[in-house]
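In what follows, a structure is listed as structure tokens, so that the remarks can point back to it.
The values are calculated or read from the model by the stated rules, or taken from the named source; none is laboratory data. Worth saying up front: this structure is predicted, and the values here are computed from it rather than measured. Cβ coordinates were reconstructed from backbone atoms using ideal geometry, including for glycine residues, and neighbour counts include every protein chain displayed.
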Amino acid sequence: MKYNTSTTVKCPECDEDVQVGTVGPAGIIQHQGKKACIKARKAKKEKGRVQTLFQVGVKKVQASLPAATSKGSDNSSSQAQRPVTGPKGCELGRKLIAELRMAAEQLGEDIPIATESNEISAFGWATAEANCMGVVTEEVWETVNPVLDRFLGFRRPLVEIKLLVCWGERGIEGFCQYLTYLVEETGIQGGLIEGKVKVLIDTINNVYAPDYFQQIIKF
């Protein structure tokens, strides 16, 4: 997708059309930090129309379960429509995401729960969908890499990365959902995100959970 001064993208949080111009996906992240977007999200939530990332995950699990049938009924056609498939996406990518989740499980109760004001709250499954909307597969990485670079790249100081570590759907879990979409739905290779994910994992291990290195992830 090519961006120009008149390009607009629908914000996945407040459903408003945002003129992002030539900055592309970064414009959505900037918009989500502004009062207008925050106010619109709150109004949307009060009306019961906000679908959280947790709810999305529940629906995905429910969709994967076989349909219930009455005793003695013929469910052969139903089973035929639900083929068993293996894990989606790059194995290394899935392993990195699992490792980040496991590291987050070592965090203590003193770690704050992420809110809309935290930088990491800009990520999530819905945000990844918005960032990749209309982007051909070959250009997905070129689209999302600048966003990830500003978040965890460019030799960002440890003191700043520490502030990114938060609990909750808008915290580490939301970032994992963002990465999961890239790996499973767009085919991003694990080697592309490895350096950035390792920075966050190392920060958790060395600052918040120094004994984590004793944990071994097996697949």
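If you check every pair at least six apart or on different chains, which have Cβ atoms under 8 Å apart with a residue in segment 138-151 that is aromatic (Phe, Trp, Tyr) first and a residue that is outside any helix (DSSP H, G or I) and surrounded by 15 or more Cβ atoms within 10 Å (Cβ to Cβ) second?
The qualifying pairs are Trp141/Ile188; Phe151/Phe123; Phe151/Leu164.
For segment 126-134, state whether one or more residues are of a type outside the set (Gly, Ala, Ser) and modelled with pLDDT under 90.
no
Would you mention how many residues in segment 111-123 are surrounded by 14 or more Cβ atoms within 10 Å (Cβ to Cβ), touching a Phe, Trp or Tyr at 6+ places or on another chain (Cβ under 9 Å) and more than 21 Å from Asp15 (Cβ to Cβ)?
4
For segment 84-110, give me the residue count where each residue is buried (at least 17 other Cβ atoms within 10 Å of the Cβ) and over 16 Å from Thr180 (Cβ atoms).
Number of matching residues: 1.
Hey, could you check segment 70-123 for residues that are among the acidic types (Asp, Glu) and not in a loop (DSSP other than H, G, I, E, B) and say which is modelled with the lowest pLDDT?
Checked segment 70-123; the qualifying residue modelled with the lowest pLDDT is Glu105.
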